[in-house]
Amino acid sequence: MFNQEDVLIPFNTSPLPSGPWIIVAPHADDETFGMGGTLLKAKQQGIETHLVVLTDGSQGGKIDDLVEVRRQEVRKAADLLGIASLKNWSEPDRFLETNSEIVTRVSELILEISPRTVFFPGPLEIHPDHRAACALVWKALQEVKLSAETPIAISYEISVQNPVNMFVNITSQIEEKKRVMQVYTSQNAENNYPELVVALDKGRTFSLPHEVKFAEGFFKYKEEDLGLSIREMLSSVIELYGEKV
């Protein structure tokens, strides 16, 4: 016998988690493409948000001064999204590592800001930097758990569907999200990202009430999940799709 659908996917949307938030994005644009509607909703609700962009984005095209162009784009997007602080850490694009130095840097930032919620990419993203970002934030949260109050850990989708147990209704925010996505001219010249993102947000309404036209998907972890490695955590979720033993 197999689990019913409601074990694998929500049938309703959820309110926003408590702030302040830290959003960890592998590249400038991932925060907007992945959870821009949710960030706009947080702005409307007065939730304090902080954004960290991990890589320099240097492999995202061939235009001159690409790194600086992408910095300018994310500054503009952050302003539109109501981000309270923006940090660019300039790790090498496509070579993001989960070494102890950057893990400690993330954990120190968490301790400095004391967020109630930390967002990071889902473990089944395609881009290697997205998966690396997931792994390093997970390790940072495990470090924080040893010395301070643990924030809520939530992964978000960027380019593909990941396991989710939480949806945010962004129907009222979708037009503004589209406008913010247009800020990323350098990346939109490489692919039709806004069109693809809107399709993902539309597809995420499959199990939701009719009035929800667009949604962003997330996985909200329990504090005890941090006792597992991210690989073990992912395996436990994937097992839910199999036949009950």
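The values are calculated or read from the model by the stated rules, or taken from the named source; none is laboratory data. Source: prediction; values computed, not measured. In this analysis, Cβ positions are derived from the backbone assuming ideal geometry, glycine residues included, and neighbour counts consider all displayed protein chains. What goes into the accessible areas is simple: the full protein's heavy atoms, side chains included, and nothing from ligands, DNA or RNA. Shrake-Rupley method; radii C 1.70, N 1.55, O 1.52, S 1.80 Å.
Search region 43-73 for residues being of a type in the set (Gly, Ala, Ser) and closer than 20 Å to Thr185 by Cα, and hand back the single one that is surrounded by the fewest Cβ atoms within 10 Å (Cβ to Cβ). Show your work before the answer.
Filtering region 43-73 for residues of a type in the set (Gly, Ala, Ser) gives 46, 57-58, 60-61.
Now narrow it down to the ones that are closer than 20 Å to Thr185 by Cα: 57-58, 60-61.
On the way: Gly57: 27, Ser58: 15, Gly60: 22, Gly61: 13.
So the residue we want is Gly61.
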Hits in region 198-210 - residues which are open to solvent by 10 Å² or more (accessible area, probe 1.4 Å), in contact (Cβ under 8 Å) with a residue 40 or more places away in the chain and not in a loop (DSSP other than H, G, I, E, B): Leu200, Gly203
Those residues of region 128-155 which are open to solvent by less than 40 Å² (accessible area, probe 1.4 Å), out of contact with any Cys (no Cβ under 9 Å at 6 or more places or on another chain) and either hydroxyl-bearing (Ser, Thr, Tyr) or without any contact (Cβ under 8 Å) to a residue 24 or more places away in the chain (or both) amount to Thr150
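Residues are listed down the side, and each one gets a yes or a no for (1) under 25 Å from Leu141 (Cβ atoms); (2) of a type outside the set (A, V, I, L, M, F, W, C); (3) assigned to a helix (DSSP H, G or I):
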position	(1), (2), (3)
Ser14	yes, yes, no
Ala42	yes, no, yes
Val53	yes, no, no
Lys62	no, yes, no
Val74	yes, no, yes
Ala78	yes, no, yes
Trp89	yes, no, no
Arg94	yes, yes, no
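Yes or no, residue by residue, for (1) at positive phi; (2) among the β-branched types (Val, Ile, Thr):
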residue	(1), (2)
His50	no, no
Asp56	no, no
Val69	no, yes
Leu86	no, no
Ser90	yes, no
Glu97	no, no
Ser100	no, no
Val103	no, yes
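What residue, of Val168, Val164, Val103, is open to solvent by less than 20 Å² (accessible area, probe 1.4 Å) and assigned to a loop (DSSP other than H, G, I, E, B)?
Details: Val168 fails: assigned to a loop (DSSP other than H, G, I, E, B); Val103 fails: assigned to a loop (DSSP other than H, G, I, E, B).
Within the list Val168, Val164, Val103, the selection yields Val164.
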Give the residues of region 181-197 that are among the charged types (D, E, K, R), closer than 16 Å to Gly34 by Cβ and part of a loop (DSSP other than H, G, I, E, B), sorted by residue number. none
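If only one of Lys213, Lys178 is open to solvent by 60 Å² or more (accessible area, probe 1.4 Å), modelled with pLDDT of 95 or more and part of a helix (DSSP H, G or I), which one is it?
Lys178
Matching residues to (1) in contact (Cβ under 8 Å) with a residue 60 or more places away in the chain; (2) among the polar types (S, T, N, Q):
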position	(1), (2)
Leu51	no, no
Thr55	yes, yes
Ser90	no, yes
Asn99	no, yes
Ser114	yes, yes
Val118	yes, no
Residue pairs within 7 Å by beta carbon, gap of at least six or interchain, first lying in region 219-245 and within 15 Å of Leu136 (Cα to Cα), second surrounded by 13 or more Cβ atoms within 10 Å (Cβ to Cβ) and among the polar types (S, T, N, Q), listed first then second, are Leu226/Gln142; Leu226/Thr150
